[in-house]
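S.K.: Below: one structure in structure tokens.
The values are calculated or read from the model by the stated rules, or taken from the named source; none is laboratory data. This one's a predicted model, so the numbers in the text were calculated from it and none came from an experiment. Cβ sites come from the backbone with ideal geometry, for glycine too, and all protein chains shown count toward neighbours.
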Amino acid sequence: MASMAAAAVVFVLIMLGSRVVRGVFTDFIFPWIKVDAGLRYAIGVCLSYFFLAVAFIGAITTIGLHWATLAVFMGAVGVGIGLGLQKLAGNFLSGLTILFELPIRRGDCVRIGDHEGIVHKIGARSTVLATRDNAFVIVPNSDVMEKAVVNWNYLDPKSRVQIPFGVAYGSDLAKVDRIVLEIVRGNPSVMQKPPPQVILKGFGASSLDMV
């Protein structure tokens with residue numbers, strides 16, 4: 001019992017220390033050297049996984065388990081993966097690949113399959129997207145690696161957004177153009193170069209389709 005308690009203490013202390021170290025890096029060192037926010041998040045998650053592994057090894061060493069026993073345990077885990085945890089293991093490995101390769105980062109606007117939104121979190125098993133409707137979509141990490149991913153912020157944070165709308169037939173299109181541009185230009189997040197545009201896209205059943 002004493003060894004189990006000591007192992008628990010070692011595990012907790014290492015995990016608490018990992019939080020301090022991660023906080024120092026992500027909140028002070030990385031902002032000071034101007035590391036991208038998405039990259040800061042990815043490195044922070046990798047540090048968490050690293051310290052979790054260190055805490056686990058420290059705990060089992062405190063208990064007194066031999067490496068041979070650990071090898072048997074890992075072999076049993078491997079059998080479990082072979083019997084039914086392939087998907088879980090695949091999602092975890094895909095998550096690590098995402099964090100290292102950075103095809104998407106936290107804060108990116110992306111489309112994964114049929115889902116579109118802002119990357120809210122990249123976890124061990126899944127990636128969470130926040131949609132414009134303030135809903136959260138949980139996408140398995142394997143989908144990010146296997147499906148086509150559209151990332152509007154991959155190399156450049158600037159992107160063009162098309163907002164479709166319709167106006168009644170017979171509307172004064174010059175007035176529509178003027179009103180819409182006035183509203184859009186009043187938004188400080190909209191770039192003025194290149195300037196925003198209003199385009200007649202097509203003729204709908206009951207409206208002029210604009211964008």
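Rundown of residues vs (1) more than 14 Å from A42 (Cβ to Cβ); (2) of a type outside the set (S, T, N, Q); (3) in contact (Cβ under 8 Å) with a residue 60 or more places away in the chain, yes/no style:
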| site | (1), (2), (3) |
| --- | --- |
| L96 | no, yes, no |
| V128 | yes, yes, no |
| N134 | yes, no, no |
| M145 | yes, yes, no |
| L155 | yes, yes, no |
| V176 | yes, yes, no |
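S.K.: Please work out which residue is farthest from the chain's Cα centre (by Cα), limiting yourself to segment 137-180 and to residues that are of a type in the set (F, W, Y) and surrounded by 12 or more Cβ atoms within 10 Å (Cβ to Cβ). Give the steps one after another, and end with the answer.
M.R.: Within segment 137-180, the first condition is being of a type in the set (F, W, Y), and the residues that meet it are 152, 154, 165, 169.
If we keep only those that are surrounded by 12 or more Cβ atoms within 10 Å (Cβ to Cβ) too, we end up with 152, 154, 165.
Values: W152: 14, Y154: 12, F165: 30 Å.
Only one residue tops the list, namely F165.
S.K.: While we're on this one: Only one of these is more than 24 Å from E101 (Cα to Cα) and of a type in the set (V, I, T): I199, I138. Name it. It would help to see each step written out before you state the result.
M.R.: Values: I138 fails: more than 24 Å from E101 (Cα to Cα).
Every option except I199 fails the conditions.
S.K.: I need the full set of residues from segment 181-192 which are free of Cβ contacts under 8 Å to residues at least 12 places away in the same chain and surrounded by 10 or more Cβ atoms within 10 Å (Cβ to Cβ), in order please. Talk me through it step by step, then tell me what you get.
M.R.: Step one: filter segment 181-192 for residues free of Cβ contacts under 8 Å to residues at least 12 places away in the same chain, giving 182-183, 185-190, 192.
Listed by number, the residues that qualify are I183, R185, V190.
S.K.: Evaluate the following for P195: is it in a loop (DSSP other than H, G, I, E, B), exposed (fewer than 13 other Cβ atoms within 10 Å of the Cβ) and more than 27 Å from the chain's Cα centre (by Cα)? Working first, answer last.
M.R.: Details: in a loop (DSSP other than H, G, I, E, B): yes; exposed (fewer than 13 other Cβ atoms within 10 Å of the Cβ): yes; more than 27 Å from the chain's Cα centre (by Cα): yes.
Yes; evaluated as a whole, the condition is true for this residue.
S.K.: Looking at segment 117-134 only, could you name the residues that are modelled with pLDDT of 90 or more and more than 12 Å from the chain's Cα centre (by Cα)?
M.R.: T131
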